[in-house]
Structure formats: C-alpha cells, structure tokens
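The values are calculated or read from the model by the stated rules, or taken from the named source; none is laboratory data. What you see is a predicted model; the values in this text were computed from it and never measured. Neighbour counts run over all protein chains shown; Cβ positions are idealised from the backbone, glycine included. These accessible areas exclude ligands, DNA and RNA; they are computed on the full protein's heavy atoms, side chains included. Shrake-Rupley method; radii C 1.70, N 1.55, O 1.52, S 1.80 Å.
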Amino acid sequence: MTDNVIKVLIVDDSGFMRMVLKDIIEKQKDMKVVGIAKTGLEGVEKAITLKPDVITMDVEMPELNGLEAVKLIMKKNPTPIIMVSSLTSKDSEITIEALGNGAVDFIQKPAGSVSWTFRAVADDLLIKIRNAAKIDPTKLTKRSTFKAKRPRITSLLRGQKIVLIASSTGGPRSLDTIIPNLPKGINVPVVVVQHMPAGFTKSLANRLDKVSELKVKEAEDNEELKPDTVYIAPGSYHLGLKSKGSKVYTYLDSSDKINNVRPAADFTFDKAAEIYKSNIVAAVLTGMGKDGAKGAFKIKHYGGKIIAESPKTCVVYGMPKAIVEENYADFVLPNYEIAEKIVELLGGK
C-alpha cells in the first residue's frame, strides 16, 4: 500500500455494479479505485500494469470468467482477490474453486444481484478489502503436492475418536491440501467448520468430495456421524453434536453468532469435547480472529490433541496464532503435513 491508501481494481461486466462498487469504495479515505475492467481478460491485463493492492472480481464475465482470471493473475502478478458472487449453484461452485486457486475471500450479492441492495453489504465488503490488503501476496501461490502416507489402523472402533477442523480466510485452499490426503480407513468421522454463508458450504463439500477418498458432504440436522465421512458445517448454522446411547448425531443451531460468525468452531469444539473427551484430534487452520481458541481450551482440558497451521502456509495467521499464544497447540505444522499428523494421532503408521 502507498501512503496507507489501498489501491483497488474493480473487475465486473455490469456497468451498474461497477458504478456501485466504485461509489462505495471511493467514499473511504483509505481507499482508491485505480482501475476498472469490464472483462476477465481486461482485469488480468490491468492487474499486471496497475499493480493494485486488492481486486474485486465478478464471477460470470465474457471472454474469461472470474475463476480463469484468478488463475492467470496468480501466475502473473499475485494479488489478494475478493470474489463478488451471486447465490446461484454455478456462481458458488466457481467461487469455491477460485478460493482454492488463490482468491482470499468473497462477498455475496444480495437477492437481485445487480441492484442498489448491494449497498446493504457495503460494510462487509469494506472490511474484507481492508483485511485483504494486509495479506502477503506471496502466500497466495504456494501450494503443495504432499500426499499422506496410507495408515495401518486396526485397533480403532467406530465412534471412539473424532477429527475436528476449523478454518476461515484462506481455509478452502488448506482444506484442499488436507482433506484429499486423509485416506480411507481412518475409521472416524471428520467435522469441518469453515466460515461461509449458506449455499457456499454445499459447493465446498461437493468440490472436496470429488477429489477425496473419504465421503464429503454438507452436514444435515439430526444425522448419525459415520466413519470415513467428512461433515461440513452448513453456512448460517452452528453445528452441534449430541449422543444417544453409543451413537453421535448432528444438530443445527441458529442461535446468535459467536466470534461474529455462524457456524463457529467454538460451538462445535465445545459440544464435541463433552462427548469425545480425550478422543479428539483438532486442527485450527488459517483465518482471521480467534474462533476455535475457547473450544481448543476445552479439548485440551479433556486431553485431546490440537494442531495449529503454521504461518508458513497460512494466508492469515490469526486463528492458529491464538491457539499457539495460549499454549494449546501440541503441534504447529504447515498444511501439507497436517493430514499425515492426523493419521498418526489416530493410530495410523
């Protein structure tokens, strides 16, 4: 950033949306729109020549869609990108894939998309731009081809243990590295709390399911936890766990946000700790804020194990940093070593 002014490039094929975004951003003393692009291809060119601090990127555009534009920008001039997405299944799928390819966050258009109602999410957009401007662009292109070793697990019984994962900004990319490297045979359920609104968590689950050995799905209300299955907490709901006899079931909770988010990792961690006690392996990944820290305290109290993602691979070293500073982390690892450590802690070789 120059003189503490955040330089923003707007990429959108809608003239009205470009006008609305420009108006919202330029009213801020700490922001300046340095360029506007009408297509994805033009956006890539201007990202290289103008070198903005942050880019807002539409999803559906002629010539080159938002996903392809993100991929090219990450190759040519890595820049924090915020996707601007409508809540359609196609847009949410492209947005999730863009997040896996280097985009750092997204803003959801209100119903009606190209409308003055976009101003209703203006505050959220401005917060995301300011947060994105603090991200080191070199963190956006580092990916790993790490493949976890296959476990040899013969002693674990269904329901004995559980894996919990919390993530926020930058989370989809770390999840892309971890979940596909958890092999069949770990014989326990995995519960993921990724900060996202409704609709997008289903696309995240579908994307991970296609590339993983474990079954990955968006969690539903009152379903029994099954081994070798990954449950993604649905957007706009806290995901709780409850025991009935020897079985554990999910439940969805729409009570107030915790740490200003819903789903919140603290909620899920707390409920899981009451049931599984010491039989928990939890990982806290990249993200802003401290969600997961209170829940991690409870897991540690019962003797569970905590992994914090290291700053080496975090897009934002916030949530894991809170875990480390409170001395809750048993291990601090880059995302490409976390799957193997989870397998080891579950009893695999």
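For the stretch 217-281, give the magnitude of the charge dipole about the Cα centre (Cβ charges: +1 Lys/Arg, -1 Asp/Glu; no others), in debye to the nearest 20. Mind showing how you got there, number by number?
Details: 9 positive and 11 negative charges, 33 e Å.
Its charge dipole is roughly 160 debye.
Over the chain, with every protein chain in place, what whole percent of the accessible area is carbon and sulfur at 1.4 Å, could you tell me?
Values: 7120 of 14660 Å².
The C+S portion of the solvent-accessible surface of the chain is 49 percent.
Placing +1 on the Cβ of each Lys and Arg and -1 on the Cβ of each Asp and Glu in the chain, which of Leu140, Val8, Asn279 has its Cα farthest towards the positive end of the resulting dipole?
So the residue furthest toward the plus end is Asn279.
Amide H of Val332 versus every other amide H placed in the peptide plane: which residues, excluding those fewer than 5 positions away on the same chain, fall under 5 Å?
Sorted by chain and number, the residues that satisfy this are Ala308.
Highest mean first, what order results for 126-138, 64-76 on Cβ atoms within 10 Å?
Values: 126-138: 17.1, 64-76: 20.6.
Top of the packing list down: 64-76, 126-138.
Once fully extended, how much extra length lies between Val34 and Ile275, figured as 0.36 nm per residue of separation less the alpha-carbon to alpha-carbon distance?
On the way: separation 241, 0.36 × 241 = 86.76 nm, distance 5.29 nm.
Separation in residues times 0.36 nm, less the Cα-Cα distance, equals 81.5 nm.
Dividing the convex hull volume of the alpha carbon atoms of the chain by its residue count, what do you get in Å³ per residue?
Numbers: hull volume 42.4 nm³, N = 349.
That works out to 121 Å³ per residue.
Does anyone have the angle between helix 66-76 and the longest principal axis of the chain? Alpha-carbon axes, 0 to 90°, nearest 10?
90
With a cap of 12 neighbouring Cβ atoms within 10 Å, and only residues DSSP puts in a loop, list the GluC sites (Glu not before Pro) found in the stretch 185-270. Present the calculation step by step, with values, prior to reporting the outcome.
Values: sites: Glu213, Glu218, Glu220, Glu223, Glu224; in loops: Glu213, Glu220, Glu223.
Sparse-neighbourhood loop GluC sites (Glu not before Pro): Glu220.
Place the peptides 189-198, 229-238, 12-21 in order of packing, highest mean first, counting for every residue the other Cβ atoms within 10 Å and averaging per peptide. Could you put the intermediate results ahead of the total?
Numbers: 189-198: 24.4, 229-238: 22.2, 12-21: 18.0.
Output ranking for 189-198, 229-238, 12-21: 189-198, 229-238, 12-21.
Place a +1 charge on the Cβ of each Lys and Arg in the chain and a -1 charge on the Cβ of each Asp and Glu, then give the dipole magnitude about the Cα centre in debye, rounded to the nearest 20. List each step's numbers first, then the result.
Numbers: 51 positive and 42 negative charges, 200 e Å.
The calculation lands at about 960 debye.
Just want the answer: with Cβ charges of +1 for Lys and Arg and -1 for Asp and Glu, which residue in Leu64, Ile178, Thr250 is farthest toward the dipole's positive end in the chain?
Ile178
If I stretch the segment between Tyr302 and Lys90 completely, what's the gain in nm (0.36 nm per residue apart, minus their alpha carbon distance), one decimal?
Numbers: separation 212, 0.36 × 212 = 76.32 nm, distance 4.26 nm.
Once the chain is fully extended between Tyr302 and Lys90, it gains 72.1 nm.
If I stretch the segment between Val121 and Glu224 completely, what's the gain in nm (0.36 nm per residue apart, minus their alpha carbon distance), one decimal? Each step should come with its number before you reach the end.
Working: separation 103, 0.36 × 103 = 37.08 nm, distance 3.62 nm.
That works out to 33.5 nm of additional length.
Angle, helix 265-276 long axis vs. longest principal axis of the chain, Cα atoms, 0 to 90°, nearest 10?
Helix 265-276 sits roughly 10 degrees off the main axis of the chain.
Which entries in the list Lys75/Lys210; Lys202/Lys271; Lys51/Lys290; Lys71/Lys210; Lys128/Lys277; Lys27/Lys134 go over 29 Å, if you measure between the two C-alpha atoms of each? The partial results should precede the final answer.
Numbers: Lys75/Lys210 25 Å; Lys202/Lys271 22 Å; Lys51/Lys290 31 Å; Lys71/Lys210 20 Å; Lys128/Lys277 36 Å; Lys27/Lys134 20 Å.
Going by Cα-Cα distance, Lys51/Lys290; Lys128/Lys277 fall outside the 29 Å limit.
Can you give the helix-only mean residue ellipticity at 222 nm for the chain, where every DSSP H stretch with n ≥ 4 adds -39500 (n - 2.57) and the sum goes over all residues, rounded to the nearest 500 deg cm²/dmol? Intermediate values should be presented prior to the final figure.
On the way: 11 runs with 118 residues, N = 349.
Value at 222 nm, helices only: -10000 deg cm²/dmol.
Taking every DSSP beta bridge with both residues inside the stretch 215-349, roughly what % is antiparallel (nearest 5)? The partial results should precede the final answer.
Values: 9 of 21 bridges.
Counting only bridges with both partners in the stretch 215-349, antiparallel ones make up about 45 percent.
Accessible area per residue of the chain at 1.4 Å probe, in Å²?
Values: 14660 Å² over 349 residues.
Accessible surface, normalised per residue, equals 42 Å².
Using R₀ = 25 Å, calculate the FRET efficiency as 1/(1 + (r/R₀)^6) where r is the Cβ-Cβ separation of Lys22 and Lys76; round to 0.05. Present the calculation step by step, with values, prior to reporting the outcome.
Numbers: r = 24 Å, r/R0 = 0.97.
Efficiency computed from Cβ-Cβ geometry: 0.55.
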